[in-house]
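Structure, as structure tokens:
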Amino acid sequence: MRNYKEIVHNILKLDSKKIKIVNYEDEWKTLFFTIKGINRYAECPTCKCKTDKKQDRWEHLQKPTWKHIYLSDNRMIELKLIRRYFRCYRCWSQFMEKFDFEAKQWNHTKKFEDDVMVARWYMSGCQIARNTQCSPQKIHSILHGIDPEGINKQWLEIMRNLEQIFLGIDEHSFHGRDYVLVITEIKERKPLAVLSDNKIETLKKWLKALPNEVKDKITGISTDMNKWYKNVVEWEYPNVLSTVDKYHLFQETNRMMDDVRWMNTWLIKMWFVTPDDLIKHGKVPKELLKGKKNQKEKRN
């Protein structure tokens, strides 16, 4: 395959000094790349010793394929791995070579895990599973492995580079339990931190731990309709604008409208409000109530 090094670097996001593309297949919604290692040595998983002694001369094609990258045109890039069989000089153990881009669990790569964690901020787990053509159990196993401390340290540098910071504080859970607090930068639409739980003390500790240079840049904080979060924000930042997330306002408004609709329907069925009164105020079409009028006349 021509220019396979550029494909490995730019498309597969892998190191061309360690792997080589052997074959390429284009099927419906899936691109398959068959790759193998080109390093002479392999590291023994038992004693961590490098060896170049091969157990056999065959190249073993592993199954199933490995999920790697989800493309924007609803297509997946999957890898077919060809592994070599080695024997260690020191402990004489036999092992298959491993690649540095493999994840610890399941059959996917580290790049696939990173893409899933980024997509989780604007997609549900089931939707990610449909797009990536895998099971929801795999997606949930990846999401449960999020390292909160690593995310917090990663986005602290971004907060220092921003001129103004508008924080968003909201709860999140995977299965209706094990709640965590997710803190985002609303204008930049980027996650900043994932706290281990939704306790008030945890939120206080995180807000107090922010550097002074970051605290001076905070111009507003948006929370959900939890009054305890609002009280903590106003106590820690009394001069900062505190608002409620508009999503929760719309959600509460829709819930109240559903309750009103249900109450109106119940009143009509129980005849506490006559159909003539509703038609007079223009709330119910006259054609929908003809059947109910006839039923009432028959009963009388």
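Could you list all residues from region 43-88 that are touching an Asp or Glu at 6+ places or on another chain (Cβ under 7 Å) and more than 30 Å from T132 (Cβ to Cβ)?
Looking only at region 43-88, we keep the residues that are touching an Asp or Glu at 6+ places or on another chain (Cβ under 7 Å), and these are 50, 65-70, 82-86.
K50, Y85, F86, listed by residue number.
Only one of these conditions is not met by D197: (1) in the same structural domain as N239 (by TED's automatic domain parsing); (2) farther than 22 Å from E236 by Cβ; (3) modelled with pLDDT of 75 or more. Which number is it?
Going through (1) in the same structural domain as N239 (by TED's automatic domain parsing); (2) farther than 22 Å from E236 by Cβ; (3) modelled with pLDDT of 75 or more one by one, D197 breaks only (2).
So for region 173-191 (the condition being at pLDDT 80 or above, over 12 Å from the mean Cα position of the chain (by Cα), surrounded by fewer than 13 Cβ atoms within 10 Å (Cβ to Cβ) and not β-branched (V, I, T)), does at least one residue qualify?
no
Among all residue pairs at least 6 apart or on different chains, which show Cβ distances below 7 Å where the first residue, located in region 181-193, is under 12 Å from E171 (Cα atoms) and the second is of a type in the set (G, A, S) and modelled with pLDDT under 80?
The qualifying pairs are I183/A193.
Name the one entry in D224, D216, D178 that is acidic (D, E) and either in contact with a strand residue (DSSP E or B) (Cβ under 9 Å, 6 or more places away or on another chain) or closer than 17 Å to Y247 by Cβ (or both).
Values: D216 fails: either in contact with a strand residue (DSSP E or B) (Cβ under 9 Å, 6 or more places away or on another chain) or closer than 17 Å to Y247 by Cβ (or both); D178 fails: either in contact with a strand residue (DSSP E or B) (Cβ under 9 Å, 6 or more places away or on another chain) or closer than 17 Å to Y247 by Cβ (or both).
Just one listed residue meets the conditions, D224.
Anything in region 24-72 that is of a type in the set (G, A, S), touching a Phe, Trp or Tyr at 6+ places or on another chain (Cβ under 7 Å) and either without any contact (Cβ under 8 Å) to a residue 60 or more places away in the chain or outside the structural domain of V116 (by TED's automatic domain parsing) (or both)? List them, or say none.
The one that is of a type in the set (G, A, S), touching a Phe, Trp or Tyr at 6+ places or on another chain (Cβ under 7 Å) and either without any contact (Cβ under 8 Å) to a residue 60 or more places away in the chain or outside the structural domain of V116 (by TED's automatic domain parsing) (or both): A42.
What about K13, is it touching a helix residue (DSSP H, G or I) at 6+ places or on another chain (Cβ under 9 Å), over 26 Å from I142 (Cα atoms), surrounded by 12 or more Cβ atoms within 10 Å (Cβ to Cβ) and not hydroxyl-bearing (S, T, Y)? Walk me through how you get there before you give the answer.
Values: touching a helix residue (DSSP H, G or I) at 6+ places or on another chain (Cβ under 9 Å): yes; over 26 Å from I142 (Cα atoms): no; surrounded by 12 or more Cβ atoms within 10 Å (Cβ to Cβ): yes; not hydroxyl-bearing (S, T, Y): yes.
So K13 fails the test.
The values are calculated or read from the model by the stated rules, or taken from the named source; none is laboratory data. Just so we're clear, the structure is a prediction, and the values are computed from it rather than from any experiment. Neighbour counts run over all protein chains shown; Cβ positions are idealised from the backbone, glycine included.
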